[in-house]
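A.B. asks: Pasting in a structure now, in structure tokens, and then I'll have a few things to ask.
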Amino acid sequence: MRPIKQIHGDKAPHWVGDGFFVKTLINYVDDQPDFNYSHTDPFLLFDYGEPTTFAPNPDYQTQPHGIGKHPHKGFETVTLAYSGEISHADSIGGREDILEGDVQWMTAGRGILHEEFHSEAFGQRGGVFSMVQMRVNLPSAHKLTDPKYQFIKRAEMPIIELMDYSDADERTVIGHVAIIAGDWHGVAGSADTFTPVNMWDIALHTAGTIRYCSYKKAEYWSMAHLSVQAI
Ligand code: MN
């Protein structure tokens, strides 16, 4: 068990372009001591786009919300859409919409240019937009690897139900885990990563206590207890 080094508190949100209203919860920035969480390496940045309502954009074709062409190098960006959709296009010919629940794992490597806008469908209908973007450092041996991206559809992720431990029969589902990378009690995510990382998207729907991740019920028991209070 590793000791907790720091609890990262809430932050004021800011706009990235005109499409992403994010709170930067982790950042590796040398000249901003308040944000320089060097102990989080290989996680360089964690931007949480809190739910933000956008009106339908009648000018989508000429002025889509988002951020135009910009470079990345030496790390990976991992983008997860919770609500709304992101259109990605890049300098290696990649073009794809990240739909709700999907993950894009982009390896910038020796350099890539890309743009990130609301998708055309979302831009035209408007609604609530919420997403997460992380930056994962690349090991020095792979810093200048070829740029690429992996697209992981929600339907392709192993989803594990979390059961309430206080229910004697453990049949009450109080949440679920989508496994993006690494593994959860022996169940592997599909992302191919340079740095071994576990990345799970955990949703908790109701109050309860979890000690157990129930994919292979008889075989995997965990000592970890997770208590959830209804808000
Ligand atoms: Mn970007």
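The values are calculated or read from the model by the stated rules, or taken from the named source; none is laboratory data. Keep in mind that this is a model prediction, so the values were computed, not measured. As a convention, Cβ positions derive from the backbone with ideal geometry for all residues, glycine included, and neighbour counts pool all protein chains shown.
A.B. asks: Consider region 84-129. How many of its residues are more than 19 Å from Lys148 (Cα to Cα) and modelled with pLDDT under 95?
C.D. replies: Residues flagged as more than 19 Å from Lys148 (Cα to Cα) and modelled with pLDDT under 95 within region 84-129 amount to 1.
A.B. asks: Among residues belonging to region 13-44 that are of a type in the set (A, V, I, L, M) and modelled with pLDDT under 90, point out the one that is surrounded by the fewest Cβ atoms within 10 Å (Cβ to Cβ).
C.D. replies: Among them, the one singled out is Val29.
A.B. asks: Could you give every pair whose Cβ atoms fall below 6 Å, whose first residue belongs to region 182-195 and is among the small types (Gly, Ala, Ser), and whose second residue is assigned to a loop (DSSP other than H, G, I, E, B) and exposed (fewer than 15 other Cβ atoms within 10 Å of the Cβ), counting only separations of at least 6 or pairs across chains?
C.D. replies: Listed pairs, sorted by first residue: Gly182/Asn198.
A.B. asks: Please count how many residues of region 125-142 are among the charged types (D, E, K, R) and more than 14 Å from Met199 (Cβ to Cβ).
C.D. replies: 1
A.B. asks: Can you give me the number of residues within region 148-187 that are away from the ligand (no atom under 16 Å from the Cβ) and surrounded by 14 or more Cβ atoms within 10 Å (Cβ to Cβ)?
C.D. replies: 27
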